Amino acid sequence: MDIADQTFVKKINQKLLLKEILTNAPISRAKLSEITGLNKSTVSSQVSTLMKENLVYEIGQGESSGGRRPVLLMFNKHAGYSIGIDVGVDYVNGILTDLEGSLILHQQLMLKSSSPEDTKSTLIELIQHFISQIPSSPYGLVGIGICIPGLVDENERIVFTPHSKWKNFDLKTSLKKTFHVPVLIENEANAGAYGEKIFGAAKHYDHLIYASIGTGIGIGIIIKRHLYRGAYGFSGEMGHMTIDFNGPTCSCGNRGCWELYASEKALFQSLQSNNQKVSYQEIEQLAKLNDMKTLNALRNFGFYLGVGLTNVLHTFNPQAVILRNKVIESHPMVLNVIKNEVSSRMYSQFSTHIELLPSSLGQHAPALGMTSLVIENFLNDVTKPQ
């Protein structure tokens, strides 16, 4: 075996060992050998390399099972830090995490306008603030992950955002030149799905749908524990499937799109009077007072979500659907309407096996999904054969 082949095998073994340490820590070298099938000398050698790279450290001795007490290993979650940012129509929501995704800092900024340049300016301000707060560490900032509510192609270029009207905007290259770290760009619903899969309500599901219900509706799809992006990165745009072929024209150019009836924007518009906008707090108060207009609007919201979700469920047959929306998370009645509508439109053997759950991460789901993708990218990079 030549030197290149040996280096390749070593890196593969390091990656395997690091994965097991991340999953099972604290863990001994002997247990790593048992789990991975690698011999003890290989485990010892590659663990030493991981320790030199500041990714793994020893925490002392564990319980003996008859012989010498084993030395236990931990992943060094403070070796570096990751930034994840969710870009909304009128805000940016950012978090700074360690390498296990634990939240270090959170900040939300409102956008002056939704233009690409104003948004980029706000992003730079937020990222610079986070960088100034990063503790001393071997790797510092390992990357930046940003998600947007729109189309992101396979090269991570923002093709189109239906509500902010961005077209062909290369945010990735611009931010890489500014901060000199890896930058990942992703669709917001995909990021939310991944956040819930790694940290939230979807941890124990291999096949799931994440529905982000805000100004529009985006769907994140996970199949066999992996994000499904489609051939060109555009999967999940199911907010623009037609549920009324004679319906009004949507911003996407289609007619009768699902999000015209079931988005949060549609709910708020149905409660407006004399062009006066309503707030979450007003909906909360009126619902508690059993205001009929508010209760009917919430029922309609749940009804139309159930109609569209039935199509999604028939298409993907997931184990679970995670619903990210502040109104649904605050009003169990809406979730019950959705469940009833879905069950009335599907064969019982389909609907009884599918969990419909509110998001457990709330507004942080997309940003946490981005930090997870950044961390995975970093760990893959440091254990990648050259």
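Couple of notes before you dig in:
- Number of the exception - Thr294 against (1) of a type in the set (Ser, Thr, Tyr); (2) surrounded by 17 or more Cβ atoms within 10 Å (Cβ to Cβ); (3) under 24 Å from the mean Cα position of the chain (by Cα): (3)
- Residue among Ile322, Ile338, Ile354 that is touching a Phe, Trp or Tyr at 6+ places or on another chain (Cβ under 7 Å) and assigned by TED's automatic domain parsing to the domain that holds Thr215: Ile322
- Just one of the listed residues (Leu368, Leu357) is under 30 Å from Lys172 (Cα atoms) and either β-branched (Val, Ile, Thr) or within 18 Å of the chain's Cα centre (by Cα) (or both), and it is Leu368.
- Conditions (1) out of contact with any strand residue (DSSP E or B) (no Cβ under 8 Å at 6 or more places or on another chain); (2) touching a residue at least 24 places away in the same chain (Cβ under 8 Å); (3) not β-branched (Val, Ile, Thr); number of the one not met by Leu103: (1)
- Residue within region 203-211 that is touching a Lys or Arg at 6+ places or on another chain (Cβ under 7 Å), closer than 29 Å to Ser132 by Cβ, touching a residue at least 12 places away in the same chain (Cβ under 8 Å) and buried (at least 16 other Cβ atoms within 10 Å of the Cβ) present: no
- Being over 30 Å from Lys10 (Cβ atoms), hydrophobic (A, V, I, L, M, F, W, C) and either part of a helix (DSSP H, G or I) or touching a Phe, Trp or Tyr at 6+ places or on another chain (Cβ under 9 Å) (or both) is not true of Phe378.
- Count of residues meeting criterion [under 18 Å from Ala201 (Cβ atoms), surrounded by fewer than 21 Cβ atoms within 10 Å (Cβ to Cβ) and hydroxyl-bearing (Ser, Thr, Tyr)] in region 337-386: 1
- Only listed residue being aliphatic (A, V, I, L, M), assigned to a helix (DSSP H, G or I) and surrounded by fewer than 17 Cβ atoms within 10 Å (Cβ to Cβ), chosen from Ile124, Ile198: Ile124
- Region 214-241, subset under 14 Å from the mean Cα position of the chain (by Cα) and assigned to a strand (DSSP E or B), residue surrounded by the most Cβ atoms within 10 Å (Cβ to Cβ): Gly220
- Out of Met292, Met333, one residue alone is of a type outside the set (Ser, Thr, Tyr) and touching a residue at least 12 places away in the same chain (Cβ under 8 Å). It is Met333.
- Exactly one residue out of Ser330, Ser348, Ser343 is hydroxyl-bearing (Ser, Thr, Tyr) and closer than 22 Å to Lys265 by Cβ, and it is Ser330.
- Residues that are assigned to a strand (DSSP E or B) and surrounded by fewer than 23 Cβ atoms within 10 Å (Cβ to Cβ) within region 143-168 comprise Leu151, Val159, Phe160, Lys167, Asn168, listed in sequence order.
- Checking region 212-224 against the condition returns a match, with at least one residue being charged (D, E, K, R), at pLDDT 90 or above and not assigned by TED's automatic domain parsing to the domain that holds Leu151.
The values are calculated or read from the model by the stated rules, or taken from the named source; none is laboratory data. Everything numeric in this text was worked out from a predicted model, so none of it was measured. Backbone-built Cβ (ideal geometry, glycine too); neighbour counts: all protein chains shown.
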